[in-house]
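The values are calculated or read from the model by the stated rules, or taken from the named source; none is laboratory data. Only a predicted model underlies this, so the values are computations on that prediction, with no experimental measurement involved. Neighbour counts run over all protein chains shown; Cβ positions are idealised from the backbone, glycine included.
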Amino acid sequence: MPKSLSLSARCGRIRLTLKLFRMGDDVQIHLSGGQAHIGAVALAGWNAAPAHITVPPHREGELALRMAQSLSDALRCTVCVSAGIHFDSIRREEIRSVEELADALTQRCLTMCLACFDRTAPSTAAHRSATSSAVVL
């Protein structure tokens with residue numbers, strides 16, 4: 001898996017950027033679009049219940065949680081997603097575009113991470129459990 005990664009996607013005036021930073025065995029993601037800020041943070045561990053915090057009146061919490069859980073489940077590591085998306089006078093169809101772009105960026109990120117993972121290399125990281133088939137990043 002790369003130590004860092006930056007991906008972007010656009011639909012009309014809506015442009016989102018996903019930045020990944022590897023943190024040891026774990027992953028930090030920042031999803032942004034429009035006016036820069038942090039509206040929500042989500043944390044998911046592959047063997048723990050996910051959680052999120054949203055700063056009122058922001059609405060990125062569920063999106064960040066969905067991304068964190070999806071990536072954590074697939075990569076078998078702890079994933080933290082911070083999200084800040086703000087476009088003035090955003091319309092309902094643009095909100096759908098934000099969700100679709102975020103999902104597409106999540107899938108692209110996951111595809112790139114898994115493509116970089118060498119499944120035959122011996123693990124040098126500590127094992128998460130004796131019976132786990134965890135992907136070690």
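Could we say that Ile14 is in contact with a Ser or Thr (Cβ under 7 Å, 6 or more places away or on another chain) and β-branched (Val, Ile, Thr) here?
The answer is yes for Ile14.
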Next on the checklist: I'd like to check something: does the range 65-78 contain any residue that is more than 11 Å from the chain's Cα centre (by Cα) and over 17 Å from Asp26 (Cβ atoms)?
Outcome noted: no
Next on the checklist: Against the definition (in contact with a strand residue (DSSP E or B) (Cβ under 6 Å, 6 or more places away or on another chain), more than 23 Å from Met1 (Cβ to Cβ), touching a residue at least 60 places away in the same chain (Cβ under 8 Å) and not in a loop (DSSP other than H, G, I, E, B)), how does Ile85 come out, yes or no?
Outcome noted: yes
Item to check | Scope the range 30-51; condition outside any strand (DSSP E or B) and closer than 30 Å to Gly12 by Cβ; matching residues | outcome: Gln35, Ala36, His37, Ile38, Gly39
Next on the checklist: I need a count of the residues in the range 50-59 that are over 16 Å from the mean Cα position of the chain (by Cα) and among the aliphatic types (A, V, I, L, M).
Outcome noted: 1
Next on the checklist: Please count how many residues of the range 60-73 are surrounded by fewer than 18 Cβ atoms within 10 Å (Cβ to Cβ) and either closer than 23 Å to Met1 by Cβ or at pLDDT below 95 (or both).
Outcome noted: 1
Checklist outcome for this item: Picked from the range 92-116 (must be over 13 Å from Thr17 (Cα atoms) and of a type in the set (Ser, Thr, Tyr)), the residue farthest from the chain's Cα centre (by Cα) is Ser97
Checklist entry - Quick one: which of Arg13, Arg22 is surrounded by fewer than 16 Cβ atoms within 10 Å (Cβ to Cβ) and in contact (Cβ under 8 Å) with a residue 24 or more places away in the chain? => result Arg13
Next on the checklist: Looking at (1) farther than 28 Å from Cys116 by Cα; (2) touching a residue at least 40 places away in the same chain (Cβ under 8 Å); (3) in contact with a Leu (Cβ under 8 Å, 6 or more places away or on another chain), which one does His37 not meet, given that it meets all the others?
Outcome noted: (3)
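The rows are residues; the columns are (1) of a type in the set (Gly, Ala, Ser); (2) under 24 Å from Ser97 (Cβ atoms).
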position: Thr17; (1), (2): no, yes
position: Arg22; (1), (2): no, no
position: Val27; (1), (2): no, no
position: Ala36; (1), (2): yes, yes
position: Ala51; (1), (2): yes, no
position: Thr54; (1), (2): no, yes
position: Leu65; (1), (2): no, yes
position: Ala83; (1), (2): yes, yes
position: His86; (1), (2): no, yes
Checklist entry - Applying the selection to the range 84-99, what residues are more than 18 Å from Ser8 (Cβ to Cβ) and among the charged types (D, E, K, R)? => result Asp88, Arg91, Arg92, Glu93, Arg96
Checklist outcome for this item: Note on the range 74-96: residues surrounded by 21 or more Cβ atoms within 10 Å (Cβ to Cβ) and farther than 23 Å from Ala48 by Cβ are Ile85
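Only residues that are more than 20 Å from Leu114 (Cα to Cα) and touching a helix residue (DSSP H, G or I) at 6+ places or on another chain (Cβ under 9 Å): list them for the range 21-33, please.
Passing the criteria: only Gly33.
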